[in-house]
Amino acid sequence: MKKSTTIISTLLLLVAIGFCQLSYGQSVLSPDDLLNLEGTSTHDLKPDGSELIYSVYTPRNANEEPGSAHRKYYRMDLTTKESVPLFEEGLKGGSPHYNPDGSLICFTHKKDGESTQVWAIPAAGGDMIQLTQAENGVKFYRWQPDGKGIAYLSSEPKTEREKELRKRGYDFIFYEENLKINQLFLTTLDSEFQFISNKQLLEGTHIWNFEFSPDGQWLAFTTSEKNLIDYRYMFRKLQILDIASDKIIKDVGNAGKLGNYVFNFDGSALAYASALNINDHAVSQAFTYSIKDEEITNLTPENFRGHVSWVGWKNNKEILCYSGEGVYPKLSTIKIKNGKRNILLDARDQGIIFGQPLFTEDLKHFVFTGSTPKDPSNIYSWTGEGLLQKLTNLNPQVSERLLGEQEIIQFKARDGKEIEGILIKPVGYNNQETYPLVLYVHGGPESHHSNGWLSRYSTPGQVMAGKGYMVAYLNYRASSGYGVEFAMEGFMDPAGKEFDDLADGIDYLVAQKGADKERVGMAGGSYGGYASAWFATYYTQYVKAVCMFVGISDLISKRGTTDIAYEEMLVHSGKPLEEQWQMNLERSPIYWAHQSKTATLIYGGAADPRVHPGQSLELHRRMKMNDHPAVRLVQYPGEGHGNRKQVGRIDVLYRQMAWLDWYVKDLKPLSGPMPPLDISDQYGLDW
C-alpha cells in the first residue's frame, strides 16, 4: 500500500513540475548557467556618500583565450541608481579610490612598456593625470588625509648585477632567500596634483600595508622579517611611524593572524581585528590600542560564539565590528568604556548575507555586497536603519530557474556537540522519497558556510539539486563562526572530531532528511579535499565516490612542502613534526589507502604552492599500487591553489558531476569502466 502511494505521489510531483515548466518556462539551474554567473565587488564610496565605485566580474566563455574573469569598473550615482563605466573602453585600471575631497578618482594603470603608476581622472570629467613616478611600479597606495600626497609600496628593484646575471642565464632560484622587500615611498603633489618630490620612508624594512591617521601625522603599518606568505600570515607586527621624523614610535604588540586596522577620528587609538593568540587559526577578536597609554584592550564579548573579521569606528568611544556568527553575519557596535555590544544589522533579519561595509563618517550611507539562497551576488545600500536596499540587478536569469529549497540544519555529533549546516533539497523534494546525497566540505578549516548563495564551479549545489541530489554544507568542528573554543577543537587533532562530525552528519541526513545511505558522495577543496581523501580511505564505508580538489593526502610530506609551514605548525599541528611522526602518519589518507572501496577523483593545479601537487600524486600512487580500480588524477597546468582560468573551472564542474553521477547516482560498479576521460564535448567549444 505504501509503495503504491509513493508511486502515485511521485507521478503527481513529476506532473506538477512539468506543468510548472510548461506554464512558466522554468528549468533547473544548468552547469552553463552556473559558469556564466556574474559577481561584484565594492571599492570606494565618495566622501559625501553620493557615489559608489564598484566592479562586475564576467566569466570568460569556453572559446575565449584562457584566463580569469573579465572585470569592469563602474560609477553609480546613489540618488538615481544609474551606473556608467569608470574607464574608457580599452583602458586597464585597478584599485580605484576617491581622493580625500572626492574631486579625483585615482587608480593604478600600466602604460605600454612602463611600470604601474597611480593615475587620476577628475570626478567631474577631464584628462588623466599621472600622480606617481615609481621607479619599480606601485603595488598599494593611500592618499594623505590632507590630499597633498600619496604614499605607496613598490618592490625593491633588482640590481644591475642581478639583471646582467639573469640576462646571461644565471638566474638561479635561491629558495626563500634573496627576497625583495616592499619599500614605502611618499609622493608630494602641488595644488594642481602635479608631482613635486618623492621620498623613501623606513629604508630596509619590508612593508605589507599601511593606513594614515586622520591628521596625517602617523602611519600605522605591518611588517615582518621576511617577504613570505607564511610570515604575512603569522608574524606581521603592527607598528606606528611618525612621518615627519621617519621614526617608529610604537610597536602595538599584536600576536598571530591579523585582519584590518584603522585609527579613530582623533588619532588617539587604533582598532584592529586579530587572532586571540598565536595558536588561534583565524582572525576572531576586536582589539583597541591606546597610543598614549600603550594598552591593548580586547573588546570581544566573553565566550563569544562567533568570529570578528573586520573593525571600524563609529566614533571615538565606540567601534564597529563585522562578525560571522553561525550561518549569519552581524554588524555591531561595542563601547570602549564598558564593552557593551549593540547589534546594528543582523543578516538573519535581513535575509541577505552581507559582506564587510563601506560607509561614510556620519554613518548615514552604508554599502555592502550580498547574496541570498536565490541570488548569487548584488550590491545593497543601508541608511543605518530599516532594510537593505538592492542597488544592482546582476544575474536576473536565476529568478527564472527552479532552485532547490535551502534550509538550516542542526544535529548532535557522537559526543553531543551541536553541529550546524545548510541543506539544499532536491528540486521537487518529497519527504517520502530517498535521494542521492553529496557533501561539499569547506576548506581551511578556518572557514564556514553562511546561508547565502553557495554554488560555485567546484561546489555546484543548486546544479546538483536540479539533478535530483540532496546537497549538504556542514560547519564541522574547527570551522570559524562559532567561537575560538569550537575552532580549537581541531587543534592538534587533524581528521579527528572534524571529520567525525561529517560522518555523523551523513548519519543524520540519512535518518532524518531522506538521504539514501547507499548513494553518498563527497567533494571539497584544500582541507575539504583532505576530508574527501579521508572518506575515500579511512571512512570508505560512508561514501561511494569522492572528488578531492587540491587536497591533502600525506600530513608528513605536506608539512615539508607547503608555503605556510609555520602557519600549519602554530595553528593546526601545535608541535614540530619530529614530535608527531606517528600521529601525522596515521591521520594521513595514504596510510589507509589500501582499504579504499570508494571511487576517487583527484584533481588540482600543477603549480600549487599551498598544497603541493605531490599530495595528489601520492594518493593516486598508493591507490594504484593497491589495485584500486576507480581512481583518476587530473592536473591543471599553471594553476595554483584553486583554478583561476575558465578552462580549468569548466573541466572541474563537468568532470565532478560525471564522476558523482556515475558512481553515486547511477551506482556503477567500482570494478567496471570509469567515466569517459575526454569530456570536451560538454565544454561548449566551437569546433
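Any chance segment 209-221 includes a residue that's free of Cβ contacts under 8 Å to residues at least 12 places away in the same chain and over 25 Å from the mean Cα position of the chain (by Cα)? Checking segment 209-221: not a single residue is free of Cβ contacts under 8 Å to residues at least 12 places away in the same chain and over 25 Å from the mean Cα position of the chain (by Cα). Annotation: of all residues in segment 90-143 being touching an Asp or Glu at 6+ places or on another chain (Cβ under 7 Å) and outside any loop (DSSP other than H, G, I, E, B), the one that is surrounded by the fewest Cβ atoms within 10 Å (Cβ to Cβ) is ARG142. For the residues SER371, SER323, the requirement of being over 30 Å from GLY466 (Cβ atoms) and buried (at least 19 other Cβ atoms within 10 Å of the Cβ) singles out SER323. Counting residues in segment 453-462 that are in a helix (DSSP H, G or I) and within 21 Å of GLN656 (Cβ to Cβ) gives one or more.
Screening GLY529 on (1) touching a helix residue (DSSP H, G or I) at 6+ places or on another chain (Cβ under 7 Å); (2) part of a helix (DSSP H, G or I); (3) surrounded by 22 or more Cβ atoms within 10 Å (Cβ to Cβ) shows it passes everything except condition (1). The lone criterion from (1) touching a His at 6+ places or on another chain (Cβ under 6 Å); (2) at pLDDT below 95 left unmet by ILE181 is number (2). Of the residues making up segment 614-659, those that are assigned to a strand (DSSP E or B) and among the hydrophobic types (A, V, I, L, M, F, W, C) number 3. In the set ASP661, ASP681, ASP651, ASP686, only one residue is out of contact with any Ser or Thr (no Cβ under 6 Å at 6 or more places or on another chain), free of Cβ contacts under 8 Å to residues at least 24 places away in the same chain and on the phi < 0 side of the Ramachandran plot; that residue is ASP681. If you filter segment 144-185 down to residues that are assigned to a loop (DSSP other than H, G, I, E, B) and among the polar types (S, T, N, Q), you find that the one that is nearest to PRO100 (Cα to Cα) is GLN144.
Would you confirm whether any residue within segment 375-387 is under 25 Å from PRO460 (Cβ atoms), modelled with pLDDT of 95 or more, of a type in the set (Asp, Glu) and surrounded by 16 or more Cβ atoms within 10 Å (Cβ to Cβ)? Yes, the conditions are met somewhere in segment 375-387.
Per this entry, SER557 is not counted among residues that are within 22 Å of TRP659 (Cβ to Cβ), outside any strand (DSSP E or B), of a type outside the set (A, V, I, L, M) and modelled with pLDDT of 95 or more. Among the conditions (1) of a type in the set (A, V, I, L, M); (2) outside any strand (DSSP E or B); (3) surrounded by 19 or more Cβ atoms within 10 Å (Cβ to Cβ), the only one that MET583 does not satisfy is (3).
The values are calculated or read from the model by the stated rules, or taken from the named source; none is laboratory data. Given the structure is predicted, the values throughout are model-derived calculations rather than measurements. Note that we place each Cβ from the backbone using ideal geometry, even for glycine, and neighbour counts take in every protein chain shown.
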